[in-house]
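Bear in mind that the values in this text are calculations on the coordinates, not laboratory data. In this text the structure is predicted, and so the values were computed from the model without any measurement. Cβ sites come from the backbone with ideal geometry, for glycine too, and all protein chains shown count toward neighbours.
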Amino acid sequence: MSARFGSAVAAVSLLWLAACGGEIGAVQGAPGGSPARGAAGSGAPVAPGAPAGTAAGATAAGASAPAAPVDCAEVQVGPRRLWRLTSAQYDNTVSDLFGIQSTFAQGFPADEVVHGFSNNADALIVTPLYADKLQAAAQDISSKADLTKLVACASGAKDDNCLRELATKFGERIFRRPLQPAEADRYFSLAKTAPDFESGARLMLLAQLQSPNFLYRFELGSHDAKEQGTRFALNDYEIASELAYLLWQTTPDDALLTAARGGMLHEPAQVRVQVDRMLASPRAKPVVRAFVFEWLGLSAVTTVPKDTARFPELTPEIRAALLAEAERFVDHVMFASGSSLSALLTTPATYLDGALATFYGLAAAADPSRPVSLAEQGRRGILTLGATLLTHARSNDSSPVHRGKLVRERLLCQLLPPPPAGLNIQPPPLDPTKTARERYAAHSSVEPCQSCHRLMDPIGFSFEHFDGVGRFRPDDNGQPIDAHGEILDSRSTNGKFDGVSELIDMLDASPDVEACYSLSWLRFAYGMTESTESSCLVDRMQSALNDSGGSLGAIFSVLTQADQFYARTGDPTYVPAPPVAEPEPDPSPATGSGDAQMTAGLDLQITQSNDWGGGYCKTYQLKNTSAAPITWSVTLLVDGKMNNHWECEASADTGSVTFTGAAHNATLMAGAQGQFGFCAMR
Amino acid sequence: MKVTRRNLLRTTGAALIAAPFARLIAAPRRVRAANSPKRIIFWFTPNGTVHKFWRPTGSGAQFDFPAGSILEPLAARKAGLLILDGLNFERTRGGSHEGGMEHMLTGGGAPSVDQFIASQLNAMTPFPSIELGVQTSAWGAGVQTRMSYDDKHGFVHPDDDPVAVYRRLFGGGDAAAGDGPSPESRANDLVRAELKDLERQLGSLEKQKLDAHLTSLTQLSKRIGGAATSGAACGGVAAPKLTDSKSNERFPDVGALQMDLLVAAAACDSARVLSLQWTHTVSPTILSWAGATEGHHELSHKDDSNTAGVASFVQSERWFATQFASFLDKLDAVQEPDGSGTLLDTSTVIWTKELGDGRLHDFKSVPFVIAGGGNGYWKLGRYLQLGDQPHQKLLATLCQSMGLQVDGFGVPDITGSLPELTT
């Protein structure tokens, strides 16, 4: 196992944007120079007893923490888990299910960011605020939903059958799997507590939209009792969800659900067919954009504050155009042309509109659908797009530190520690008489600074032809720009270069960057963080990805053909306790089935019972245990006044009530089952 | 395979739940003093300070805010403040901004002091605590952007959207007329039943996640069907209208609305523990309305030799101090329904930061300001130089002020409190 994995990876995104000022201890009254506390010589303070591999432990070269050896023959796949939808997935899913444009999740608490990615399964938790927001969204969605879009019967007979269809058919879509009969009953019974079809249907949606079955992607699988070991095979529906969210960031479409229903989605060959279909669709574009944007930290392009006096040209419209340009660029290089990391890094053309061309200082007002060469400005690839350069810069200036850090942490996957405490850290002030290289000179001359900044600044200097908002500049305030740079102390990508184009050549040829790209895809696709236990998976996946040539198709192929896509590890010895008997013990025996009078040969069971004190609902299951048809009747003592009943006729609404079947279930054939239910207020 | 505690550590907000040193306070008991404040409000602004522009002159009860200094906008309230100098962060788990942000309210343990107080008070308020934010989430949730931790969910997220805050706190109105539980209540019951089934089915697998979820829904269920509180009844706050709430220019507007909502929440006793988090550590916010042309974090790193830069930082900090003063004024303008004084009289408000000197990323003399009558609990009107004491003692003192008998807070080997704040 290589040293870059295991617990040595500091997960905190260390967005410290510091730079050393001219001298240490220039701050009055500062306790000069007491840098590291606790961590011997590694820079940042660490509390005694803190685990190895916190920020301080991760040097640029990837400090290795001693880890217990892992037997990779034993550990094959990740653990069984529940994976909460991200905000983006929630909105896409609701949009697809309800035929609306959902933006509800934009108001949910922000998803936690781990290694730049907001879909880490461990981190996605339902907090109290999240539960509240989820309910508010469910209220809005359920109250306005067009029911006829969900089940066709809602435009026709608004009856119990249609409510059942909502519970089962729409239930299968929203839960991404068929419901067990008892689950469907539970939702149907809930709906029946409402006074009419419409409010019942909306009540059902209100619950479905808050259900764990909707909110979490289940990756539980099942254990084959005949098998040894800890492997749980994922079922076809679980794999359908994996595919849907990996490739389209949304709920499974009809084709996936149909394949799952037919048991056609658990073999790698079956999955390959779906991957090919889905990747060929424009619906795969957003997920690739999302990956690139989170990997390279570009999402802030529309919001990161900038000095409006210094950059008055950076209007909200230009920010939006920069975002659109980056999206188009990713779409083109990842889908239309090379589809590889190399294309992402080196493609010298972009797709911009006239306003953005003007902002960039390019002569031609362009058609956004046609490639425009950026070679005259020395631009190549995603790293030289305005969105990247603007996001990784200071509010009023370029920043060799930010840009070097981007390359070091996101492209080389080498996390840097924060600066040691006690250093006077001042980014060099703007000074029209000096170039950035001169202004940042302290970083290479002052010891505590240079030990880290040598890993960033010499890379970042090569971007100096681009200002704080990503525009090309031939010189820096009239001073010539020296864009020479160097990568130091990388695993295998070391050396000098002249200008950003040569840097990009180096990165393009770098096995380190290739490995980092693969690792980033793994984190994103599987929603996991490397750990000692997952290192085997990571290592195997990474070499497969590296061997694949790195095209988008190859990446998705490796990700979806790997064992991780089909199984999870778990404890096969746990046996769930038997279900808590429903209903709860009934305080009113007169309404229990025990005291019911009924037709001979009939078996009666309560399958659902809700009781909130002021009222209650009950659902009964009937079975004809005789050898002949029965036209059934059941007499129960109803506590309170009945306000609702279903799949039955009732002789009265309170006291001793005789229930008989509705047209469709009045007569039960031998062995047949039926059900009915009612709600009452006390 | 299982994810070990060690791997989770520093990976997710939930990690702090499982932190091995998550030492809670020995046998906390609530013994309310007659003068215990009714509520406590945490107020955060980022990126440390420049002490020579923060410190008052003088000491004890004889002190002044120099002209042009950061705290000068609070001069009118001087008699109602405790300015705390000389409290250090000890035993931080990490360094720099992240280490400070994580340590500020936790003292190195979990949960954070606000959540601990809320859970121990167990007040019969609609919410155990209310967290509001001003542009805290553009970078997602992480160690840099969150200051509160509870022992079930890890990060406690502030709500950055005043429109949503109003709906959550005062929207009410969905309590069903007539008999029976509301649809929300019935749906909530069903979903909780599903979660319990799932827990039974899975055993220890994902138990933490499901427990966290269930706890959240149970909290919610207790509010459903409760009497709806209208904004009009809570100090007259109206439903806010705001667009573009994530843009830099809207920062003051969002802040003003959130302050009004917080006052309204206090007026209606929606929670006894409240907080307002202004942006986050390493904040890129440009306080252009205070004359800034650079991001707040960048300004916080101006060297003493850069007088213009430091002056701009001080102006930004004075703007925050002005907001703090205006918040105190708003609290002071609303009477408690029981006639016990104004909301300010019955509250403790504490302004906290995550670093000492922002340029140095150090944890020496992290600046704290206590305000509010605190029902007379605090001996106000003083500037205290506490001489290198661990800030865990302050956190313990805050617990004690709310009637919780604790002997320390945070890491186990730092105990004691700060009796000098009250006598």
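Any idea what diffusion coefficient region A:88-158 gets from Stokes-Einstein, in µm²/s, Kirkwood Rh on alpha carbon pairs, 37 °C, 0.692 mPa s? Could you put the intermediate results ahead of the total?
Working: Rh = 13.8 Å.
Value of D from the Cα-based Kirkwood radius: 238 µm²/s.
Each of A:SER656, B:PRO66, A:LEU246 was placed along the dipole of the protein assembly as shown (beta-carbon charges, centred on the mean Cα), and the one lying farthest toward the positive end is B:PRO66. Each principal axis of region A:383-434 carries a Cα extent, and these read 29, 29, 16 Å when sorted largest first. Measuring nothing but how far apart in sequence close Cα pairs (under 8 Å, 6+ apart) lie, relative to its length, region A:366-458 scores a relative contact order of 27 percent. Setting aside same-chain residues fewer than 8 positions from B:LYS241, which aspartates and glutamates have a Cα under 15 Å from its Cα? Straight-line reach from B:LYS241, under 15 Å: B:ASP160, B:ASP161, B:ASP253, B:ASP260. Start at zero, step by 10 Å, and the Cα-Cα distances of region A:229-339 spread as 13, 32, 24, 18, 9, 4, 0 percent across the bins.
Explain nothing, just the number: dipole magnitude of region A:273-428 about its Cα centre with +1 on each Lys and Arg Cβ and -1 on each Asp and Glu Cβ, in debye rounded to the nearest 20. Mind showing how you got there, number by number?
Values: 16 positive and 13 negative charges, 68 e Å.
Result for region A:273-428 is approximately 320 debye, rounded to the nearest 20.
Under the 0.36 nm per residue contour assumption, what length would be gained going from the current alpha-carbon distance of B:ASP329 and B:ASP388 to full extension?
On the way: separation 59, 0.36 × 59 = 21.24 nm, distance 3.19 nm.
That pair, B:ASP329 and B:ASP388, stretches by 18.1 nm at full extension.
Placing +1 on the Cβ of every Lys and Arg and -1 on the Cβ of every Asp and Glu, with no other charges, gives the protein assembly as shown a dipole of roughly 1120 debye about its Cα centre.
For A:GLN675, nonlocal amide neighbours, meaning residues 5 or more places apart or on other chains whose placed amide H falls under 5 Å from its own, are A:LEU622. Using the rule -39500 (n - 2.57) for each DSSP H run of four or more residues, divided by the residues of chain B, the 222 nm mean residue ellipticity is -9000 deg cm²/dmol.
Here the Debye sum runs over all C-alpha atoms of chain B as equal scatterers in vacuum, and log10 of I(q)/I(0) at q = 0.07, 0.08, 0.10, 0.11 Å⁻¹ comes out as -0.33, -0.43, -0.68, -0.83.
Enumerate the helices in chain A for which the Kyte-Doolittle hydropathy averages 0.0 or more and the C-alpha atoms extend at least 15 Å along the helix's axis, using complete DSSP H runs.
On the way: long enough: A:87-98 (16 Å, -0.42); A:128-144 (24 Å, -0.41); A:181-192 (16 Å, -0.59); A:197-208 (16 Å, 0.58); A:268-279 (16 Å, -0.08); A:285-296 (17 Å, 0.78); A:316-331 (22 Å, 0.11); A:511-526 (22 Å, 0.16); A:535-547 (18 Å, -0.16).
Going by DSSP H runs, the hits are A:197-208, A:285-296, A:316-331, A:511-526.
Might you report the magnitude of the Cβ-based charge dipole of chain B about its Cα centre, with Lys and Arg at +1 and Asp and Glu at -1, to the nearest 20 debye? Write out the running numbers ahead of the final one.
On the way: 41 positive and 44 negative charges, 183 e Å.
Here the size comes out at about 880 debye.
Here's the picture: charge each Lys and Arg Cβ at +1 and each Asp and Glu Cβ at -1 in chain A, and of A:THR86, A:VAL469, A:ALA121 the one pushed furthest to the positive end of that dipole is A:VAL469. With only Cα atoms counted, region A:171-249 has Rg and Dmax values of 15.9, 52 Å.
Given a cut-off of under 8 Å on Cα pairs at least six residues apart, what relative contact order in percent is computed for chain A?
It rounds to 16 percent for chain A.
For region B:414-423, 3J(HN,Hα) computed residue by residue from phi via the Karplus equation (6.51, -1.76, 1.60; θ = phi - 60°) reads 10, 10, x, 9, 10, x, 5, 6, 10, 10 Hz, glycine and proline entered as x.
Need one number: the % of Cα-Cα pairs in region A:388-499 sitting beyond the 20 Å mark.
Details: 2282 of 6216 pairs.
Summing the P(r) tail past 20 Å for region A:388-499 gives 37 percent.
Comparing Cα centroids, region B:99-167 and region A:284-315 end up 28 angstrom apart.
Rg then Dmax, both in Å and based on the Cα atoms of region A:490-562: 13.8, 42.
Our coupling estimate for region A:482-495, obtained by passing each phi through the Karplus curve with A = 6.51, B = -1.76, C = 1.60 and θ = phi - 60°, is 9, 9, 5, x, 7, 9, 10, 6, 8, 5, 8, 10, 9, x Hz, Gly and Pro reported as x. With Cα atoms as the point set, the protein assembly as shown shows a radius of gyration and Dmax of 30.9, 102 Å. Placing unit charges on each Cβ (+1 for Lys and Arg, -1 for Asp and Glu) gives the protein assembly as shown a dipole about its Cα centre, and among B:SER326, A:TYR517, A:VAL273 the Cα reaching farthest toward its positive end belongs to B:SER326. Seen against the Cα atoms of chain B and their longest principal axis, helix B:392-401 is set at about 60 degrees. Per-residue Cβ neighbour counts within 10 Å put B:HIS280, A:HIS484, A:HIS645 in the sequence A:HIS484, A:HIS645, B:HIS280, beginning with the fewest. Springs between Cα atoms under 10 Å define the GNM used for chain B, and in it the highest mean-square fluctuation of B:ALA233, B:ALA311, B:ALA118 occurs at B:ALA233. Between A:ARG540 and B:LYS379, the modelled labels are 6.8 nm apart [label points 7 Å from Cα along Cα→Cβ].
Quote the FRET efficiency, to the nearest 0.05, computed for A:ALA336 versus A:THR315 with a Förster distance R0 of 30 Å and r equal to the Cβ-Cβ distance. Mind showing how you got there, number by number?
Values: r = 29 Å, r/R0 = 0.97.
About 0.55, to the nearest 0.05.
Summarising the label geometry, the points placed 7 Å from Cα in the beta-carbon direction at B:GLN405 and A:ALA355 lie 6.6 nm from one another.
When a/c is below 1.5 the answer is rounded, else prolate if a/b is larger than b/c, else oblate, so apply that to region B:272-423 with a ≥ b ≥ c taken from the square roots of the Cα gyration tensor eigenvalues. It is oblate, given that a/c is not under 1.5 and a/b is not larger than b/c. Using 12 Å as the cut-off for backbone N distance, which residues of region B:251-282 belong to the label zone defined by a point 7 Å from the Cα of B:THR322 along Cα→Cβ? From region B:251-282, the list is B:252. As a proxy for reagent exposure, A:SER342, B:SER270, A:SER548, B:SER96 were ordered by neighbouring Cβ count within 10 angstrom, fewest first; the result is A:SER548, A:SER342, B:SER270, B:SER96.
Straightening the chain between B:ARG32 and B:GLN62 buys 7.7 nm, computed as 0.36 nm per residue apart minus the Cα-Cα spacing.
Other residues within the sphere of radius under 10 Å centred on the Cβ of B:SER112, judged by their own Cβ, net out at -3 (K and R +1, D and E -1).
Mean separation of Cα pairs under 8 Å and 6 or more residues apart, divided by the residue count, gives chain B a relative contact order of 33 percent.
If you bin all the Cα-Cα distances of region B:106-202 at 5 Å, starting from zero, the percentages per bin are 2, 10, 13, 15, 19, 19, 14, 6, 1, 0.
Dividing the summed helix terms, -39500 (n - 2.57) for each DSSP H run of n ≥ 4, by the number of residues in chain A produces a 222 nm estimate of -9000 deg cm²/dmol to the nearest 500.
Of A:THR350, A:THR529, how do they rank once you tally other Cβ atoms within 10 Å and put the fewest first?
Values: A:THR350 28, A:THR529 24.
With the sparsest Cβ surroundings first, the list reads A:THR529, A:THR350.
Note on chain B: with a GNM built from Cα contacts shorter than 10 Å, the maximum mean-square fluctuation among B:ASP269, B:ASP413, B:ASP388 falls on B:ASP413. The simple spin-label model puts a point 7 Å past each Cα toward its Cβ; for B:THR218 and B:ASP413 those points are separated by 3.6 nm. If you restrict to DSSP beta bridges whose two residues both lie in chain B, what percentage is antiparallel, to the nearest 5? Here the antiparallel bridges make up roughly 40 percent for chain B. Cα gyration tensor of region A:120-219, axes a ≥ b ≥ c as square roots of the eigenvalues: rounded (a/c below 1.5), prolate (a/b > b/c) or oblate? Since a/c reaches 1.5 and a/b is larger than b/c, the shape of region A:120-219 is classed as prolate.
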